[in-house]
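To keep things clear, I will list the structure first and then write my remarks on it.
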Amino acid sequence: MVRPRQLVWALGVAIRNENVRRVELAWGAAIAAEWAHFVALGVFAYQEGGTAAVGIAGLVRLLPAAVVAPFAASLGDRFRRERFLLTLTLLGAGALAASAAAALANDRVLVFAFASVVGLASTLIRPALQALLPSLARTPGVFVSLADVAAVFVLGAAALLAGAVLLARVSVESRVGLTGEIDRESLRRMITDGFRTVVRARSARLVVGLIVAQTFVRGCLNVLIVVAAFQVFDGGAAQVGYLTAAIGAGGLIGALGAMTLGGRRLAAPFGLSLVFWGAPITLMAPRPYFAAAVVLLAIVGAANSVEDVTVFTLLQRLVPNEMLTRVLGLVWGLAMGGVAIGSIAAPAIVRAVGPRPAFVFVGSILPLLALLTYRQLVEIDRTVAPAPELELIDHVPMFSPLSIATKEQVAASLLPISVPAGEVVIRAGEAGDRFYIVADGELDIDANGRHTTAYEADYFGEIALLRDVPRTATVKAAVDSKLYVLRRADFLSAVTGHSTARAAGEAIAETRLKRSRAPHG
């Protein structure tokens, strides 16, 4: 389990890092703009063409994203990431500004057309391992209650432009990505390899199928929220915003709760999150109480956050690492397709059974599926378990900001070694190629004549790896000790691939170097 003190410390380090701070603020602006657009588009569509138009708007907004998503993961590796994000942010801002002009002109076709561009930009901006981050959804709720649709589009465009200004000042090292031209054969192979991996693995097939079912319900809910606001509660645009905001508020609470999962058995919590994703929707049908609907949708939001954490961690456990990017690209495309299909199916369901029964029908899908697949989910927990060294990983501050899945990969890469008393583990001036965590015993650390002792859960060796310099200290076992070793490539892949973790690691390295240089008696 992540220790709150370590997490707060690591986040504080990230906030003090100028580049990290700009990227995080830009990401927040992008999320706010995306949700503002989602709410305003739903309101505009309903006012123009009723429930059916809301479904069409959802389909148009997400279908291009569903097609492009399987290839999106490679684009961030092919181009300089900060420039790639800047381009997409400007594209989204332009599409939102154009949406505002189209809304003022009351041109439904153009509003829908620009919605597809906004959806495409939003999909490519999102990291491949993230689903929804609705904790900022409170913003569009307030906007729609105070302004009209065009004004919300303008505010969303302004948010993205602010994000673009922040990203324009970010400069980071580009990751080594694809070389050469991407031809049709490589694109086809990227998709088919991911598809084969999912089809051949029974457990992965089950998890992906449940993901698609959840996104289908999500697409239906996007429409049903508008239906509830206008037809069940006899409200309007403000109610759409507040109901959507409830999902975001619940998502924030759920995200905090998901941190306590600890990365152990996750398949059963995943199934439980599906129950709480659907059951509250069914409970919205019997009585048209707006306050109750807000609470119920907050529960949905909380379940969504838990589901996000558990499901993508499960996929990383079930899918070979060399195939993970392709599988996640496929899953992301299927997820966007599920939302799009749900958006277009919801109006038909409402027409067939009526508004309130539609909530019961849609809300019952996920609980029933969770019940039918519960034994299979429990079996996944029995057969795919994280490495026992995971608890030790949680004691290393620079690993605290990492996702559960990444921590599990790090834990699985640890190699145990036994060191007899008196043996030198590393020597100052030598090249460094390993990072060490103490599992048991005592070790003497001599850094320029300053001696400290490392005990269980302490760590050393990060300076040489992060700074690419010779070892700065000599470490000798004071008693028979057991260590865990993380090879250079695995350490750098985990720490330098995550902005907050890298900032935390650099801060630790700098603090230790200052101590070794300080005068001592």
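Scanning the range 492-519 for residues that are among the β-branched types (Val, Ile, Thr) and open to solvent by 40 Å² or more (accessible area, probe 1.4 Å), we see that the one that is modelled with the lowest pLDDT is 496. Out of 405, 457, 439, one residue alone is modelled with pLDDT under 90, touching a Leu at 6+ places or on another chain (Cβ under 9 Å) and open to solvent by 10 Å² or more (accessible area, probe 1.4 Å). It is 457.
Can you find even one residue in the range 282-290 that is crowded, with 18+ Cβ neighbours inside 10 Å, in contact (Cβ under 8 Å) with a residue 60 or more places away in the chain and within 26 Å of residue 329 (Cα to Cα)? No, the range 282-290 has no match at all.
Checked against (1) surrounded by 14 or more Cβ atoms within 10 Å (Cβ to Cβ); (2) free of Cβ contacts under 8 Å to residues at least 40 places away in the same chain; (3) over 38 Å from the mean Cα position of the chain (by Cα), residue 412 meets all criteria but (3).
The set of residues from the range 494-510 being of a type in the set (A, V, I, L, M, F, W, C) and under 19 Å from the mean Cα position of the chain (by Cα) comprises 494, 495, 501. For the range 485-517, the set of residues classified as hydroxyl-bearing (Ser, Thr, Tyr) and touching a helix residue (DSSP H, G or I) at 6+ places or on another chain (Cβ under 6 Å) consists of 496, 499, 500, listed by residue number.
When restricted to residues that are open to solvent by less than 30 Å² (accessible area, probe 1.4 Å), modelled with pLDDT under 85, under 29 Å from the mean Cα position of the chain (by Cα) and not hydrophobic (A, V, I, L, M, F, W, C), the range 222-243 contains 1. Kindly check whether there is at least one residue in the range 474-484 that is touching a helix residue (DSSP H, G or I) at 6+ places or on another chain (Cβ under 9 Å) and either of a type in the set (A, V, I, L, M) or farther than 30 Å from residue 265 by Cα (or both). Scanning the range 474-484 turns up no residue that is touching a helix residue (DSSP H, G or I) at 6+ places or on another chain (Cβ under 9 Å) and either of a type in the set (A, V, I, L, M) or farther than 30 Å from residue 265 by Cα (or both). Considered as a group, the residues in the range 253-268 that are in a helix (DSSP H, G or I) and buried (at least 19 other Cβ atoms within 10 Å of the Cβ) include one that is modelled with the highest pLDDT, and that residue is 267.
The values are calculated or read from the model by the stated rules, or taken from the named source; none is laboratory data. Since the model is a prediction, treat every value here as computed from it, not as a measurement. Here Cβ is always computed from backbone atoms with ideal geometry, including for glycine, and neighbour counts include all displayed protein chains. The accessibility values were calculated without ligands, DNA or RNA, using every heavy atom of the protein model including side chains. Shrake-Rupley method; radii C 1.70, N 1.55, O 1.52, S 1.80 Å.
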